[in-house]
Amino acid sequence: GNSVTQMEGPVTLSEEAFLTINCTYTATGYPSLFWYVQYPGEGLQLLLKATKADDKGSNKGFEATYRKETTSFHLEKGSVQVSDSAVYFCALNFGNEKLTFGTGTRLTIIP
Amino acid sequence: DTAVSQTPKYLVTQMGNDKSIKCEQNLGHDTMYWYKQDSKKFLKIMFSYNNKELIINETVPNRFSPKSPDKAHLNLHINSLELGDSAVYFCASSQQTILYYEQYFGPGTRLTVT
């Protein structure tokens, strides 16, 4: 079946540090890929997406590139802020109703 | 403008009770979902409805029963609550595009069973 594997958290960084959260997927075919973010006490929000190989999704300074060769969709940000502290979920979808999520990575940014 | 709303936000109850969580979306989406998030933030899909028809029913105890009176509402009723039901329950809705379904989540309902 389809699955998403994310790097284990928690991840703790200082403000202005570079962020990478790894995400790889296992699937038959070429899904659309997503990063969702969950701020404390809130529901998940779509952060960015990519629908085909080599597409780069970007939003709020975050980026992720759909790499078919390595079946990866790593999340990056050049300079994190305290307000980026949240749980980040990688997910895939094949154009049906089911979204397959990774286990989530908790990110804490220290001032 | 609230897109996906849930009530209540917090629910504290005792074992053995029956409770309901309500969800409404004003996005005009055809598909709605219930997810359960445990204390480690792991998300598990429970149910999905498309236009009032059940289309995803994961392995969930039959004490959990979803009800969709119309495509803008999806309620979750839980009978005989158990300690292990304590979690955050999220409602979501989605819109189909050519390539994917994009999901929009509600703020969650934190259920505590004592």
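The values are calculated or read from the model by the stated rules, or taken from the named source; none is laboratory data. For clarity, every value in this text was computed on a predicted model and none was experimentally measured. Note that we place each Cβ from the backbone using ideal geometry, even for glycine, and neighbour counts take in every protein chain shown.
Let's see how each residue does on (1) in contact (Cβ under 8 Å) with a residue 12 or more places away in the chain; (2) in a helix (DSSP H, G or I); (3) more than 16 Å from the chain's Cα centre (by Cα):
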site	(1), (2), (3)
B:K67	no, no, no
B:S80	yes, no, yes
B:V88	yes, no, no
B:T112	yes, no, no
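The residues on offer are B:S39, B:S5, and the sole one that is assigned to a loop (DSSP other than H, G, I, E, B), of a type in the set (G, A, S) and either within 19 Å of B:R110 (Cβ to Cβ) or touching a helix residue (DSSP H, G or I) at 6+ places or on another chain (Cβ under 6 Å) (or both) is B:S39.
With the condition kept exactly as written, say whether any residue in region A:76-87 is buried (at least 20 other Cβ atoms within 10 Å of the Cβ), within 11 Å of chain B (Cβ to nearest Cβ) and at pLDDT 95 or above. Yes, the conditions are met somewhere in region A:76-87.
Can you tell me which residues in region A:94-111 are closer than 21 Å to B:W34 by Cβ and either assigned to a strand (DSSP E or B) or within 14 Å of the chain's Cα centre (by Cα) (or both)? Of everything in region A:94-111, those that are closer than 21 Å to B:W34 by Cβ and either assigned to a strand (DSSP E or B) or within 14 Å of the chain's Cα centre (by Cα) (or both) turn out to be A:L99, A:T100, A:F101, A:G102, A:T103, A:G104. For region B:56-114, the tally of residues that are within 11 Å of chain A (Cβ to nearest Cβ), hydroxyl-bearing (S, T, Y) and closer than 14 Å to B:K19 by Cα stands at 2. Could you tell me which residue of region A:59-75 is nearest to A:T20 (Cα to Cα), considering only residues that are in contact with a strand residue (DSSP E or B) (Cβ under 8 Å, 6 or more places away or on another chain) and loosely packed, with under 15 Cβ neighbours inside 10 Å? Only one residue tops the list, namely A:G61. Looking across region B:1-43 at every residue that is more than 22 Å from B:K71 (Cα to Cα) and among the basic types (K, R), the one that is farthest from the chain's Cα centre (by Cα) is identified as B:K40. If we scan region B:34-44, do we find a residue that is touching a residue at least 40 places away in the same chain (Cβ under 8 Å), crowded, with 17+ Cβ neighbours inside 10 Å and either over 24 Å from A:Q38 (Cα atoms) or away from chain A (no Cβ under 13 Å) (or both)? Checked region B:34-44: no residue is touching a residue at least 40 places away in the same chain (Cβ under 8 Å), crowded, with 17+ Cβ neighbours inside 10 Å and either over 24 Å from A:Q38 (Cα atoms) or away from chain A (no Cβ under 13 Å) (or both).
Listed by first and then second residue, the pairs with beta-carbon distance under 7 Å, at least 6 apart or on different chains, first residue in region A:75-93 and in a helix (DSSP H, G or I), second hydrophobic (A, V, I, L, M, F, W, C), are A:V82/A:I109; A:D84/A:L107; A:D84/A:I109. Only residues that are part of a loop (DSSP other than H, G, I, E, B), under 22 Å from B:A92 (Cβ atoms) and either modelled with pLDDT of 95 or more or more than 14 Å from every other protein chain (Cβ to nearest Cβ) (or both) were counted in region A:1-50, giving 1.
On inspection, B:I21 fails the criterion of being surrounded by fewer than 20 Cβ atoms within 10 Å (Cβ to Cβ) and either in contact with a helix residue (DSSP H, G or I) (Cβ under 6 Å, 6 or more places away or on another chain) or of a type in the set (V, I, T) (or both). The residues of region B:90-110 that are in contact (Cβ under 8 Å) with a residue 40 or more places away in the chain and either surrounded by fewer than 20 Cβ atoms within 10 Å (Cβ to Cβ) or over 30 Å from B:G16 (Cβ atoms) (or both), listed by number, are B:S93, B:S94, B:Q95, B:Q96, B:Y101, B:Q103, B:Y104, B:P107, B:R110.
Filtered by the rule that a residue be of a type outside the set (V, I, T), within 14 Å of another protein chain (Cβ to nearest Cβ), touching a residue at least 12 places away in the same chain (Cβ under 8 Å) and surrounded by fewer than 20 Cβ atoms within 10 Å (Cβ to Cβ), region A:94-111 gives A:F94, A:G95, A:R106.
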